[in-house]
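The structure appears below as structure tokens.
The values are calculated or read from the model by the stated rules, or taken from the named source; none is laboratory data. Please read all numbers here as calculations on a predicted model, not as lab measurements. Every residue, glycine among them, receives a Cβ derived from its backbone with ideal geometry; neighbour counts consider all protein chains shown.
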Amino acid sequence: MHAIAYILAALFAATAFARPAATTPPFEVSHIKVHEANGLNFNTTIEFTIHDPDPLTNATSECSYLWATGSNDYPQAQYAPCGNSSFAWNMANYTNINSFVLGLEHVFIDPAVGDYPYNEVTNFGKAIVTAEAFSCNLYGGQADCKQFRNSTIKAPIYATVAKRR
């Protein structure tokens, strides 16, 4: 009898942490700017704004990064912090300056999950960025791409993690 109660409690707990990823609104990515300069000792830069519209957080941050053009020195396995350190990002996949996937994470406090320090939740999302989202100007070995004005790329939440005891 106790074994059944433990199994049901474990199933309920697993469902409680699986549900937020399905019901949480996606992150919103906007104001993407990518500049690439080709040649010896030139860099590629990216800037963008990320917004978490979840009513519990309703947070926004600016993110940016610079790496040597032609290299893969952008954040890949690790996440790079954004201006608001509760957000971070990585380049989950990179083809070129107007075709890439941003891996995004946002850490926030949810008192419904538990008492400190177990009330910290991390949501993970991915934003697929394609040439259709940009206007690019090419000039003298350089490229500037900007996301179309008043457009947003949705980054669905694919995982939610909370600290466990």
Fill in: When residues of the stretch 128-165 are limited to those that are among the small types (Gly, Ala, Ser) and in contact with a Phe, Trp or Tyr (Cβ under 7 Å, 6 or more places away or on another chain), the one nearest to ILE50 (Cα to Cα)
ALA155
Worksheet item: Within the stretch 69-115, which residues are over 15 Å from GLY125 (Cα atoms), in contact with a strand residue (DSSP E or B) (Cβ under 8 Å, 6 or more places away or on another chain) and of a type in the set (D, E, K, R)?
Response: ASP73, ASP110
Discussion item. If ALA159 satisfies all but one of (1) at pLDDT 90 or above; (2) hydrophobic (A, V, I, L, M, F, W, C); (3) buried (at least 17 other Cβ atoms within 10 Å of the Cβ), what's the number of the condition it fails?
Written reply: (3)
Discussion item. Take the residues in the stretch 119-139 that are in contact with a strand residue (DSSP E or B) (Cβ under 9 Å, 6 or more places away or on another chain), not in a strand (DSSP E or B) and not aliphatic (A, V, I, L, M); name whichever of them is nearest to LYS33 (Cα to Cα).
Written reply: THR130
Discussion item. Please pick out the residue among TYR158, TYR65, TYR94 that is in contact with a helix residue (DSSP H, G or I) (Cβ under 9 Å, 6 or more places away or on another chain) and part of a strand (DSSP E or B).
Written reply: TYR158
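Rundown of residues vs (1) under 25 Å from the mean Cα position of the chain (by Cα); (2) closer than 26 Å to THR160 by Cα; (3) outside any loop (DSSP other than H, G, I, E, B); (4) at pLDDT below 50, yes/no style:
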site: ALA3; (1), (2), (3), (4): no, no, yes, yes
site: PHE12; (1), (2), (3), (4): no, yes, yes, yes
site: VAL29; (1), (2), (3), (4): yes, yes, yes, no
site: ILE32; (1), (2), (3), (4): yes, yes, yes, no
site: HIS35; (1), (2), (3), (4): yes, no, yes, no
site: LEU40; (1), (2), (3), (4): no, no, no, no
Discussion item. Can you tell me which of (1) of a type in the set (Ser, Thr, Tyr); (2) touching a Pro at 6+ places or on another chain (Cβ under 9 Å); (3) assigned to a loop (DSSP other than H, G, I, E, B) is the one THR57 doesn't meet?
Written reply: (2)
